[in-house]
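The values are calculated or read from the model by the stated rules, or taken from the named source; none is laboratory data. Note that the structure is predicted; figures quoted are calculated from it, not measured. Cβ atoms come from the backbone with ideal geometry, glycine included; neighbour counts cover every protein chain shown. Ligands, DNA and RNA are stripped out before the accessible areas are found, and what is left, the full protein with its side chains, is counted by its heavy atoms. Shrake-Rupley method; radii C 1.70, N 1.55, O 1.52, S 1.80 Å.
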Amino acid sequence: MVQLVCSPAVAERLRRELAAVGIAVDDDGWALVERGFDVPAGSPAVVFDPLDHVEVVRMLATGLHEGTTGPPRMLTGPERQLVHGHRTA
């Protein structure tokens, strides 16, 4: 469901938070990219500050609805978050 592009320390925290909300970590779907790391080509991405890792998981979890398939079609979040490489309003 999501791939992680981040430092090992942040990846460990993200894996724990994602598991708590039932989101699988693999190499498909949305990329959660720590600021300063390269965004993978061809994947929708959320670029985040490592201090905001819990907010990123909450934002992703609220974009998922029970009974739907695939990744969420749209996510919104705080202005400082980047979705698809563009600032959200």
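A few comments on the model shown:
- Solvent-accessible area of residue 25 with every protein chain in place, 1.4 Å probe, in Å² to the nearest 10: 50
- Label point distance in nm, residue 15-residue 37, each placed 7 Å from Cα along Cα→Cβ: 1.2
- Other-chain or far-sequence residues with amide H under 5 Å of residue 45's (modelled H): 31, 84, 85
- Distance between the 7 Å Cα→Cβ label points at residue 26 and residue 54: 2.9 nm.
- With only the Cα atoms considered, the stretch 1-60 has a convex hull volume of 68 Å³ per residue.
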